[in-house]
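This is the structure, below, for whatever I ask next.
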2 protein chains.
Amino acid sequence: MAAVTLKDVAERAGVSIKTVSNVVRDAPRVSEATRKRVLKAVHELGYRPNPSARRLRTGHSGLIGLAVPDLATPYFAELAQHVRAEAAQLGLTVLIEETSGDATEELRLATGVGASLLDGVILSPLGVSPDDLAAVANEFPLVLLGERSYARDQVGADHVLIDNVAAAREATTHLAGLGRTRIAAIGVDRQASATSRQRLEGFQLALHEAGVTYDPRLAPSIKEFDRRNGLLAMRALAELPVGVRPDAVFCFSDLLAAGAQRALFEAGLRIPDDVAVASIDGSDEALYSTPSLTSVVPDKAAIAGLAVKCLAARIRSDVPLPFEVHTAPHWLHARESTNGGHQRLFR
Amino acid sequence: MAAVTLKDVAERAGVSIKTVSNVVRDAPRVSEATRKRVLKAVHELGYRPNPSARRLRTGHSGLIGLAVPDLATPYFAELAQHVRAEAAQLGLTVLIEETSGDATEELRLATGVGASLLDGVILSPLGVSPDDLAAVANEFPLVLLGERSYARDQVGADHVLIDNVAAAREATTHLAGLGRTRIAAIGVDRQASATSRQRLEGFQLALHEAGVTYDPRLAPSIKEFDRRNGLLAMRALAELPVGVRPDAVFCFSDLLAAGAQRALFEAGLRIPDDVAVASIDGSDEALYSTPSLTSVVPDKAAIAGLAVKCLAARIRSDVPLPFEVHTAPHWLHARESTNGGHQRLFR
DNA sequence: TCGATTGGTTCCAACGTTGTAACTGCGAAA
DNA sequence: TTTCGCAGTTACAACGTTGGAACCAATCGA
């Protein structure tokens, strides 16, 4: 309401508005005496710069956007926390948006709200086409999370990702290493999103290496990466005739795995004795589930760090930078859903 | 980058800047012919109003903040989705912030970023004192989520909440109705947050009504409302000597219950046969856990709707409105963790 | 002693928008 | 014919901030 402005501070300190501005921006050429006097007034009045005015004048707001398909997905929620932490270190504030995987919404965020309010956007795309994004990335700082869906030499924007093929391969190899031969995959996307395609590729690769033949009946299509789809897919798999029914399942996300675990529970099948379960995401929820879930854990802190730093560099620079692709590490955490037995968390 | 401004549109349409402004704001006194011509230019150039400039001039940005302690808590993530949906209907954009329950951070959000960038804030307070918030609420649109911590006639800000005492009472009564007599509570907060105190009150009330004496050993203090604290608290309870060990537990949040379920699993105790479990939050995670979790489900859509509408009204009004307290409904969903047996989700 | 240099500060204009007031026609009332 | 009213439009100033240039002392070298 009664917002304190530079003018108020200037009057109190007995200097000009511009001098106060110089002080708060840490500009050089301010004498120590003046600086102290101004800072005192700033403190007394509780002055805070007006971001709107600042942005209007400089073109920078110190705000960046993070757009994810779904905030209630533990993976994205945890990622958002890391992004916020990284951004805070650079003095940036994060505006979190939810796209529902809607292409229009994803684009609107990058062009609409983005261009006029935010300095840049970190986007986890789901529905939007690479071409559209590339067009935007050329005129607005944009970092994409997750695997890109076009060829390696056609990078049209900055990317931060994990090696999805390798991650899926490791998880599947782990399942095969238990001696399982009827390994199912839950997460083949009807819209064939890039992430889904690459995880399927890693899955098939691992099967091939293990000498297990790929059975399409064990890789049903799903609509969304949520618990409900995981449950329904697993239920259908569990009802397959003996001999076809899987003895292991690799889920493309922890949420799908949570649904699958539930379906197995309802069907009276034991994990991992009857069906071993592995997935990708490494959310806290997976660690605490019963049994705890074997999962490939992407280094979320690294992803967030790379994305924020990359975006910040692009924002700061006024010359067009070449687009970069950063890969963050991941690790397989083997837990009860494949090992069996009871582990004791924390001691 | 090359942002389109009113000036560009005005030149293209052959009218003054102000006329374009009038058109895009739907101001009266614009002839139909002019309006059409201007809208055509707007569309052709892809003009989007600059929120910073608009906010600077009018004092309104169309942005509201939602500040929650922790985004990775399913309850808050789900609530955020509802808030976003409600706000979108009113043409408002939501900036989601995470406070970690830190009092300084909570206040900074309301005064700092808030006052100069946002039109108003919906805050789920955890650490900040009511007095500080009341002071802020008087000069900045603020709606608080969750129970207030001061007397009924001292309302210093708008509130949207559920009846925590009643909710806790219903859950506990449900446990007592199973014939359980050694009922534990997990969620007594070391900092004695308002929510925690009220849930404890409802818990004790229900025990009294059921003729069960309250045993402080069964209501340990915890530090945070997360899975880890739930696990550690339940583990300690499970290790109590026979005769003292609980046969039921009421957790103050789904996250605590998830940890408690894990601890019971590790201890080899069956749910609900050995220990029945109930909680508050009604997150999706609780529905899918094994066994599914009996929980009191607050009407999150109602909470979000009331909060957003209340905040919007306060933003629009230039006269100080009286502070209001809105109560959203809640329901007890009894599931496997108290009923036993297997239910089949979806059909 | 004078001009040049430097540190420190101030003045001016501009960012894109909108509220207020002023201006233009034009038809209706006097 | 003059005047009034009104719909439709425009000019101007201001929101709070900052980049650039101008300004003013004091100090320096010659």
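The values are calculated or read from the model by the stated rules, or taken from the named source; none is laboratory data. In this text, all values refer to a predicted model and were calculated from it rather than measured experimentally. Every residue, glycine as well, gets a Cβ built from its backbone with ideal geometry; the counts of neighbours run over all protein chains shown. Surface areas here come from the heavy atoms of the whole protein model, side chains and all, with no ligands, DNA or RNA. Shrake-Rupley method; radii C 1.70, N 1.55, O 1.52, S 1.80 Å.
Assess whether B:ALA80 counts as being near DNA strand D (Cβ under 10 Å from one of its atoms) and either aromatic (Phe, Trp, Tyr) or within 25 Å of B:ARG314 (Cβ to Cβ) (or both). Before the answer, list the steps.
Working: near DNA strand D (Cβ under 10 Å from one of its atoms): no; either aromatic (Phe, Trp, Tyr) or within 25 Å of B:ARG314 (Cβ to Cβ) (or both): yes.
Against the criterion (near DNA strand D (Cβ under 10 Å from one of its atoms) and either aromatic (Phe, Trp, Tyr) or within 25 Å of B:ARG314 (Cβ to Cβ) (or both)), B:ALA80 does not qualify.
Then there's this: Restricting to the range A:211-227, count the residues that are in a helix (DSSP H, G or I) and open to solvent by 60 Å² or more (accessible area, probe 1.4 Å).
Of all residues in the range A:211-227, those in a helix (DSSP H, G or I) come to A:216-218, A:227.
Filter again for open to solvent by 60 Å² or more (accessible area, probe 1.4 Å), leaving A:216-217.
Matching residues across the range A:211-227 total 2.
B:LEU118 passes all but one of (1) in contact with a Leu (Cβ under 8 Å, 6 or more places away or on another chain); (2) open to solvent by 40 Å² or more (accessible area, probe 1.4 Å); which number fails?
(2)
Oh, and also: Look through the range A:229-258, keep the residues that are farther than 11 Å from A:VAL277 by Cβ and under 21 Å from the mean Cα position of the chain (by Cα), and return whichever of them is farthest from the other protein chains (Cβ to nearest Cβ).
So the residue we want is A:PHE252.
Would you pick out the residues in the range A:277-292 that are within 22 Å of A:LEU237 (Cα to Cα) and open to solvent by less than 10 Å² (accessible area, probe 1.4 Å)?
A:VAL277, A:ALA278, A:SER279, A:ILE280, A:ALA286, A:SER292
Does the range B:5-34 hold any residues that are within 14 Å of another protein chain (Cβ to nearest Cβ) and either near DNA strand D (Cβ under 9 Å from one of its atoms) or in contact with a Lys or Arg (Cβ under 7 Å, 6 or more places away or on another chain) (or both), and which are they?
Listed by number, the list is empty, since nothing qualifies.
So B:HIS208 passes all but one of these: (1) modelled with pLDDT under 95; (2) open to solvent by 30 Å² or more (accessible area, probe 1.4 Å). Which condition number does it fail?
(1)
Kindly indicate which of A:SER100, A:SER31 is among the polar types (S, T, N, Q) and farther than 22 Å from A:VAL160 by Cβ. Quick ask: steps written out before the conclusion?
Values: A:SER100 fails: farther than 22 Å from A:VAL160 by Cβ.
Selected residue: A:SER31, the only one of A:SER100, A:SER31 that is among the polar types (S, T, N, Q) and farther than 22 Å from A:VAL160 by Cβ.
Follow-up question, since we're still on this one. Restricting the search to the range B:90-104, which residues are without any contact (Cβ under 8 Å) to a residue 40 or more places away in the chain and more than 17 Å from A:GLN81 (Cβ to Cβ)?
Scanning the range B:90-104 gives B:GLY91, B:THR93, B:VAL94, B:ALA103, B:THR104.
Step by step: first the residues of the range B:4-27, then only those that are in a loop (DSSP other than H, G, I, E, B) and in contact with a Phe, Trp or Tyr (Cβ under 9 Å, 6 or more places away or on another chain), then the one that is surrounded by the most Cβ atoms within 10 Å (Cβ to Cβ). Which residue is that?
Step one: list which residues in the range B:4-27 are in a loop (DSSP other than H, G, I, E, B), which gives B:4-5, B:14-16, B:25-27.
Filter again for in contact with a Phe, Trp or Tyr (Cβ under 9 Å, 6 or more places away or on another chain), leaving B:4-5.
Values: B:VAL4: 19, B:THR5: 16.
Filtering first and then ranking leaves B:VAL4.
Yes or no, residue by residue, for (1) more than 10 Å from chain A (Cβ to nearest Cβ); (2) within 16 Å of DNA strand D (Cβ to nearest atom); (3) open to solvent by less than 50 Å² (accessible area, probe 1.4 Å); (4) in contact (Cβ under 8 Å) with a residue 24 or more places away in the chain:
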| position | (1), (2), (3), (4) |
| --- | --- |
| B:LYS36 | yes, yes, no, no |
| B:ALA41 | yes, yes, yes, yes |
| B:ARG48 | no, no, no, yes |
| B:ARG55 | no, yes, yes, yes |
| B:HIS60 | yes, yes, no, yes |
| B:ILE64 | yes, no, yes, yes |
| B:ALA67 | yes, no, yes, yes |
| B:LEU71 | no, no, yes, yes |
| B:PRO74 | no, no, yes, yes |
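State which residue pairs qualify: first residue not assigned by TED's automatic domain parsing to the domain that holds A:PHE265 and inside the range A:216-238, second residue open to solvent by 20 Å² or more (accessible area, probe 1.4 Å) and not in a helix (DSSP H, G or I) in any location, beta carbons under 6 Å apart, and separation of 6 or more residues or different chains.
That search, which allows pairs on different chains as well, returns nothing.
Now a separate question. Looking only at the range A:21-57, filter to residues that are among the β-branched types (Val, Ile, Thr) and near DNA strand C (Cβ under 8 Å from one of its atoms); which one of those is modelled with the lowest pLDDT? Walk me through it before giving the result.
Quick first cut of the range A:21-57, residues among the β-branched types (Val, Ile, Thr) only: A:23-24, A:30, A:34, A:38, A:42.
Going one step further and asking which of them are near DNA strand C (Cβ under 8 Å from one of its atoms), we end up with A:30, A:34.
Details: A:VAL30: 85, A:THR34: 88.
Top of the filtered list is A:VAL30.
One residue is enough: does the range A:324-340 have a residue meeting the conditions in contact with a Cys (Cβ under 7 Å, 6 or more places away or on another chain), within 24 Å of A:ALA88 (Cβ to Cβ) and surrounded by fewer than 19 Cβ atoms within 10 Å (Cβ to Cβ)? Let's see the steps before the verdict.
Initial filter on the range A:324-340 (in contact with a Cys (Cβ under 7 Å, 6 or more places away or on another chain)): A:324, A:326.
Still in the running and within 24 Å of A:ALA88 (Cβ to Cβ): A:324, A:326.
Then drop every residue that is not surrounded by fewer than 19 Cβ atoms within 10 Å (Cβ to Cβ), which leaves A:324, A:326.
Scanning the range A:324-340, I find at least one residue that is in contact with a Cys (Cβ under 7 Å, 6 or more places away or on another chain), within 24 Å of A:ALA88 (Cβ to Cβ) and surrounded by fewer than 19 Cβ atoms within 10 Å (Cβ to Cβ), so the answer is yes.
Would you check if there is a residue in the range B:182-191 being open to solvent by 70 Å² or more (accessible area, probe 1.4 Å), more than 28 Å from the chain's Cα centre (by Cα) and farther than 23 Å from B:LEU145 by Cβ?
Let us first name the residues in the range B:182-191 that are open to solvent by 70 Å² or more (accessible area, probe 1.4 Å), namely B:190-191.
So of that shortlist, the ones also more than 28 Å from the chain's Cα centre (by Cα) come out as none.
No, because not a single residue in the range B:182-191 is open to solvent by 70 Å² or more (accessible area, probe 1.4 Å), more than 28 Å from the chain's Cα centre (by Cα) and farther than 23 Å from B:LEU145 by Cβ.
I've got another one for you. Got a sec? Which of A:GLU106, A:GLU98 is away from DNA strand D (no atom under 16 Å from the Cβ) and facing chain B (nearest Cβ under 8 Å)? Steps first, please.
Working: A:GLU106 fails: facing chain B (nearest Cβ under 8 Å).
Of A:GLU106, A:GLU98, the one residue that is away from DNA strand D (no atom under 16 Å from the Cβ) and facing chain B (nearest Cβ under 8 Å) is A:GLU98.
In the range B:228-259, what count of residues is obtained for those that are in a loop (DSSP other than H, G, I, E, B), surrounded by fewer than 24 Cβ atoms within 10 Å (Cβ to Cβ) and small (Gly, Ala, Ser)? Quick ask: steps written out before the conclusion?
We begin by selecting, within the range B:228-259, every residue in a loop (DSSP other than H, G, I, E, B); these are B:239-247, B:252-253.
If we keep only those that are surrounded by fewer than 24 Cβ atoms within 10 Å (Cβ to Cβ) as well, we get B:239-245, B:247.
Pick out the ones that are also small (Gly, Ala, Ser) and you get B:243.
Looking only at that region, the number is 1.
Quickly run through the range A:76-89 and pick out the residues that are open to solvent by 20 Å² or more (accessible area, probe 1.4 Å) and either under 14 Å from A:GLU285 (Cβ atoms) or within 7 Å of chain B (Cβ to nearest Cβ) (or both).
We begin by selecting, within the range A:76-89, every residue open to solvent by 20 Å² or more (accessible area, probe 1.4 Å); these are A:76, A:78, A:81-82, A:84-86, A:88-89.
Residues satisfying the conditions are A:PHE76, A:GLU78, A:GLN81, A:ARG84.
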